[in-house]
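Data block below; observations after.
The values are calculated or read from the model by the stated rules, or taken from the named source; none is laboratory data. The shown structure was predicted, so the numbers you read here are calculated from the model rather than taken from an experiment. Cβ sites come from the backbone with ideal geometry, for glycine too, and all protein chains shown count toward neighbours. We work out accessible area using only protein heavy atoms, side chains counted, and drop any ligands, DNA or RNA first. Shrake-Rupley method; radii C 1.70, N 1.55, O 1.52, S 1.80 Å.
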Amino acid sequence: MLRRRVGSTALAAARYFSAGAEAKPGLKDGAVTRSAPEAGGGDTLGKRLLSLVYSKRSAVIAIRKWKEEGHKVQKYQLNRVVRELRKLKRYKHALEICEWMDIEDDIKLQSGDYAVHLDLIAKVRGLSSAEKYFEDLPDRLKGQPTCTALLHTYVQHKESSKAKALMDKMSECGFLKNPLPYNHLLSLYISNGQLEEVPGVILELKKNVSPDVFTYNLWLTACASQSDVETAEKVFLELKKAKIEPDWVTYSTLTGLYIKNSLLEKAALTVKEMEKRVSRKVRGAYSSLITLHSNMGNKDEVRRIWKKMKSHFQKMNEAEHNSMISSLLKLKEFEEAETLYSEWESVSPTGDSRIPNLLLATYINKNQMETAENFFDRMVQRGIKPGYTTWELLTWGYLKQKQLDKILDCFKKAVGSVKKWDPDEKIIREVFRILEEQGHVEGAEQLLVSLRKAGHVNTEVYNLLLRTYAKAGKMPLIVSERMKKDKVPLDDETHNLIKLTSKMRVSEVSSCLS
């Protein structure tokens, strides 16, 4: 089915692509660079649409009401609002506006508008809906913008084969006229760990277009992932020879690579160049600066950058508090980190558990379990909802103390806190090890139930259960039947353990058996 899907979408692209179908992105129509649309006083359509905070409210109703009041609705205004909504990740309302424009006869859309529409469909309704939308587009609209949007969607969903197939078709139709599609593909290969594909994409890109700064930054990221300093420096020299201006990301990536390879003198030079390119317009760069300086052990520089940020911005956001608290803990400035956490706690609008988890992990790693428990109680009292990581940290803390009841309770809550659990084999084995060590068959059965509910029961798990029974000198009940019901195969170890425990005394029927 996957191949057929790739083929149908890619063939649809190939069938309808033509050089004449390419159009300039529609968002450039009446585009402005201001971050806030409809600036100024008074009531505007932009303000009304941006005020629709709750997703159940309808953007279409707001537009219709505006028209009923005798106001004009202009395309450039709506494009600006859509752009702002996308920045705010309010994709549902942005999609509603796009769909409204699509059915209005007096609004003329361009390929770029349809590209935005496709991207929003992917975000709101999923990949298959975006593919269907693309396939249903008129021939003339299957040009470079919409193809690039579909490619970006494949990248976001980590669909390597579909992305490569679409790139091949775009190449056949002459749609690879700028580095953006190649950059999308590079990003996909890097995020998927397919680093061996990067050189080939770079080579193909250079045959058709010139790399841009984003290309070089991605190339450097691939080098950093492989700790390849020599190649990274060659890439940087090539960038300079091409007379492309490096940005803060370029120097941040190089600095991280040098730190990773203990080249601190080089890191000191590149981090200085990075800071020269940091400004209020690239706010996220400050957090990166703090992290890099903390990795280099530069306490004074970490504090200096934080002070500089506070002078520039009225409030620090969650990510900035996270990077600063994390850096202070890394530098063993525990009291300062606790003070900053209290500051965050008093102003945070989200109560994001990731920030208190930093301190919780520190207390647990320092074997200060009583402090960790008191801190956890403080989190709950302040209305911070524990997440998976919170419960996992507590599980590890109680494992150190071999407190079985608390281990099992926290593990159960960890697994139950996520829709789909990505199994951590290490923690499963460690919990079973403590259970086996103590011959705690009741606890082993409880753990099996938690794992079954999470959809993670296999031969190894049952063997760990049987080892616990063997240690306790007890015979488990109907293990073979239970494994058959769970569709889990028996291996040699399973048979040996069942044979061994069959000679032991019968255990009491567990209330956990299912």
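Quick look at the values:
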read-out	value
Any pair with Cβ under 6 angstrom, 6 or more apart, that starts in the stretch 45-60 at a residue that is over 13 Å from I97 (Cβ atoms) and part of a loop (DSSP other than H, G, I, E, B) and ends at one that is of a type outside the set (F, W, Y) and open to solvent by 70 Å² or more (accessible area, probe 1.4 Å)	S55/K92
Checking F134 against (1) closer than 27 Å to L220 by Cβ; (2) more than 23 Å from the chain's Cα centre (by Cα), the condition it does not meet	(1)
Test result for V271, buried (at least 20 other Cβ atoms within 10 Å of the Cβ) and under 22 Å from S227 (Cβ atoms)	yes
Given (1) without any contact (Cβ under 8 Å) to a residue 40 or more places away in the chain; (2) within 36 Å of the chain's Cα centre (by Cα), number of the condition S450 does not satisfy	(1)
Qualifying residue in the stretch 247-254 (condition: at pLDDT 95 or above and closer than 17 Å to S327 by Cβ)	yes
Condition met for K420 (surrounded by fewer than 16 Cβ atoms within 10 Å (Cβ to Cβ) and not hydroxyl-bearing (S, T, Y))	yes
Residues of the stretch 240-251 satisfying the condition of being within 18 Å of K276 (Cα to Cα) and either within 29 Å of the chain's Cα centre (by Cα) or among the small types (G, A, S) (or both)	E245, P246, D247, W248, V249, T250, Y251
Test result for V209, open to solvent by less than 80 Å² (accessible area, probe 1.4 Å), under 30 Å from G174 (Cα atoms), out of contact with any Lys or Arg (no Cβ under 8 Å at 6 or more places or on another chain) and β-branched (V, I, T)	no
Hits in the stretch 438-495 - residues which are within 26 Å of W421 (Cα to Cα) and not in a helix (DSSP H, G or I)	H440, A454, G455, H456, V457, N458, D486, K487, V488, P489, L490, D491
Close pairs from the stretch 93-117: first without any contact (Cβ under 8 Å) to a residue 40 or more places away in the chain and within 14 Å of L78 (Cα to Cα), partner aromatic (F, W, Y) and in a helix (DSSP H, G or I), Cβ under 9 Å, at least 6 apart	C98/Y114; D102/Y114; I107/W100; H117/Y133
Residue in the stretch 311-327 that is open to solvent by 50 Å² or more (accessible area, probe 1.4 Å), out of contact with any strand residue (DSSP E or B) (no Cβ under 6 Å at 6 or more places or on another chain), in a helix (DSSP H, G or I) and not hydrophobic (A, V, I, L, M, F, W, C) present	yes
When residues of the stretch 212-229 are limited to those that are more than 14 Å from T250 (Cβ to Cβ) and assigned to a helix (DSSP H, G or I), the one most open to solvent (accessible area, probe 1.4 Å)	S225
Hey, T459 touching an Asp or Glu at 6+ places or on another chain (Cβ under 6 Å), among the polar types (S, T, N, Q) and surrounded by 21 or more Cβ atoms within 10 Å (Cβ to Cβ) or not	no
Residue list for the stretch 154-183, restricted to those being in a helix (DSSP H, G or I) and in contact (Cβ under 8 Å) with a residue 40 or more places away in the chain	S161, K162, A165, L166, D168, K169, M170, E172
Residues being at pLDDT below 95 and among the basic types (K, R) - total across the stretch 453-470	1
Flag if L477 is at pLDDT 95 or above and either of a type in the set (A, V, I, L, M) or open to solvent by 60 Å² or more (accessible area, probe 1.4 Å) (or both)	no
Scan of the stretch 326-355 for residues that are within 17 Å of T389 (Cα to Cα) and of a type outside the set (S, T, N, Q), ordered by number	G351, D352, R354, I355
Segments classed as helices (runs of 4 or more DSSP H), wholly inside the stretch 234-299, with at least 2 members that are in contact with a Leu (Cβ under 8 Å, 6 or more places away or on another chain)	248-260, 264-276
Which numbered condition S227 misses (of (1) within 27 Å of the chain's Cα centre (by Cα); (2) on the phi < 0 side of the Ramachandran plot; (3) of a type in the set (G, A, S))	(2)
Residue satisfying condition, being in contact (Cβ under 8 Å) with a residue 40 or more places away in the chain and within 27 Å of T468 (Cβ to Cβ), within set L393, L404, L408	L408
